[in-house]
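Data first, discussion second: the structure below is written as structure tokens.
Each value in this text was obtained by applying a stated rule to the coordinates, not by laboratory testing. Every value quoted in this text rests on a predicted model; they were computed, and no experiment measured them. Cβ placement follows ideal geometry from the backbone for every residue including glycine, while neighbour counts extend to all protein chains displayed.
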Amino acid sequence: MSPWTFHSAGSLLFGRGVVSQLGAVADRSKAKKVFVVTDETLAKAKVLDAVTEPLKGRTVEVFAGCRPEPPLEVIRAAVAAGRAFGPDLVVGLGGGSNMDTAKLVALVLAHGGEPTDYVGDCRVPGPILPLVCVPTTAGTGSEVSAAAVFTDTEKKIKVSCLSPYLRPAVAVVDPMLSVGCPKTVTADSGIDALTHAIEAFTAVDQGEFLARPPGGETVYQGKNPLADLMAAEAITLVARYLRRAVANGNDLDARDGMALAATLGGLAFANAGVALVHAMEYPVGGAVHVSHGAGNGLLLPYVMRYNLTARVREFANIALFMDAADLSVPDVVNAPRSIEAVENLRADIGIPTRLRDLGVTEEMLPGFAEKAFSIKRLMRVNPRFPASAEEILGIYRTAF
Ligand SMILES: NC(=O)c1ccc[n+]([C@@H]2O[C@H](COP(=O)([O-])OP(=O)(O)OC[C@H]3O[C@@H](n4cnc5c(N)ncnc54)[C@H](O)[C@@H]3O)[C@@H](O)[C@H]2O)c1
Ligand SMILES: [Zn+2]
């Protein structure tokens, strides 16, 4: 086995009600001025109160201007508000969009410049401001990940800053905060968690990863045994609980299961990596209005079919985790059943199945393929390698 490492948020608090410990968390980092980064929906729904209540006694400033799939302008506005306040602790409250905005605020306040200066792998020069992430969706795993994703509105593409310094100091995962999540957000973010786990579980082996171009310092490192364990459990949990969480938002066991699935998926992918599904979603997400989760969920089975031959045993295991395998038949028979299991789940929770349904036109596809192909750090993680721009275009066409 090749050597491997594993990284996470500095600490993780998990379970119903743990958000009430936020005051103690702030005290441990000796914080007096706390900048909470969130959005209007969560402020109106009183989810924000769950965070400000335990912070009483400290000076708290709230930026509630976050937007989904964070546009660059919104991040700039959050940074400006943060700079005017001068916090010693940043709290990101919300889905991936708000947590990533908070990461970028903590980054730019510490090191200056623009968010775009840090796009790519390992370009953050040192520690960012102390950061606590509190997810209110169950999906992205940003609370434990080394990524901050935003929409470069000038270049029309989703871009990602990846750095070990972007892992939050503390992740506070309280499933109760996701109870008010609307059906679509539950479905979209839930299938994102599944995508993270499947891409991590089927990632290239670590040794082989190192030999692949472009080389250089990187957060992602290919499959390792600990990430595999977490990805396997995340897939099992999504298969068991996502339909339930979408059908009934008040099903607390389902909310618990999905919160755990999302965090485990985040731990898995933030070490092993994500691959071709994410590379193909970024140009789509930059061009049309679709959530990251729905875009990934749409593309996932198409990419699984492309990768199938390179990862037969893993896909057979995924079928097993999703309760779709028959142990009396060989892996090669069970492997494609993982794709059917994902397609069934996708249909049951209402994720679109065709790019044309998102407003994508056929003329856009070659440009998408070029952009996806250029995201080398994600291509490097993909089990089938190298995926050519023509092959990627072929997958887009099938998904069209
Ligand atoms: N940093 C990472 O590691 C990482 C990983 C995957 C995805 N992402 C990014 O995360 C973003 C997507 O995040 P997301 O799927 O969590 O959704 P989101 O953060 O975009 O939120 C979607 C909507 O749901 C609402 N919402 C969230 N929680 C709610 C609640 N409890 N009750 C009511 N409404 C609620 C928000 O107000 C928002 O309008 C994308 O930009 C994606 O690229 C980041
Ligand atoms: Zn994702």
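State which residue pairs qualify: first residue more than 19 Å from Lys376 (Cα to Cα) and inside the range 118-135, second residue of a type in the set (A, V, I, L, M, F, W, C) and surrounded by fewer than 18 Cβ atoms within 10 Å (Cβ to Cβ) in any location, beta carbons under 6 Å apart, and separation of 6 or more residues or different chains.
The qualifying pairs are Ile128/Ala110; Leu129/Ala110.
I'd like the residue in the range 104-125 that is at negative phi and of a type in the set (Gly, Ala, Ser) and, out of all such residues, is farthest from ligand 1 (Cβ to nearest atom).
Per the stated criteria, the residue is Ala110.
Within the set of pairs 6 or more residues apart or between chains, which connect a residue that is assigned to a helix (DSSP H, G or I) inside the range 272-298 to a residue that is within 10 Å of ligand 2 (Cβ to nearest atom) and aliphatic (A, V, I, L, M) with Cβ atoms less than 6 Å apart?
Gly293/Ile191; Asn296/Val277; Gly297/Ile191
So in the range 277-293, with the set limited to residues that are in contact with a Pro (Cβ under 9 Å, 6 or more places away or on another chain) and closer than 19 Å to Ala147 by Cα, which one is farthest from ligand 1 (Cβ to nearest atom)?
Ser291
Whether any residue in the range 111-123 is within 26 Å of Tyr282 (Cβ to Cβ), of a type outside the set (A, V, I, L, M) and assigned to a strand (DSSP E or B) is what I want to check.
Among the residues of the range 111-123, at least one is within 26 Å of Tyr282 (Cβ to Cβ), of a type outside the set (A, V, I, L, M) and assigned to a strand (DSSP E or B), which makes the answer yes.
Please go through the range 153-162 and pick out each residue that is of a type outside the set (S, T, N, Q) and in contact with a helix residue (DSSP H, G or I) (Cβ under 6 Å, 6 or more places away or on another chain).
Lys156, Ile157, Lys158, Cys161
Can you tell me which of Val60, Val79 is out of contact with any His (no Cβ under 8 Å at 6 or more places or on another chain), of a type in the set (A, V, I, L, M, F, W, C) and part of a strand (DSSP E or B)?
Selected residue: Val60, the only one of Val60, Val79 that is out of contact with any His (no Cβ under 8 Å at 6 or more places or on another chain), of a type in the set (A, V, I, L, M, F, W, C) and part of a strand (DSSP E or B).
Got a number for residues in the range 263-281 being closer than 22 Å to Ala138 by Cβ and more than 10 Å from ligand 2 (Cβ to nearest atom)?
Residues that pass the stated criteria total 9.
Pick out the one residue from Ser145, Ser160, Ser189 that is touching a Ser or Thr at 6+ places or on another chain (Cβ under 8 Å), within 14 Å of ligand 2 (Cβ to nearest atom) and either part of a helix (DSSP H, G or I) or under 20 Å from Cys122 (Cβ atoms) (or both).
Just one listed residue meets the conditions, Ser189.
Listed residues Arg255, Arg243; which is in contact with a Cys (Cβ under 9 Å, 6 or more places away or on another chain) and part of a helix (DSSP H, G or I)?
Arg255
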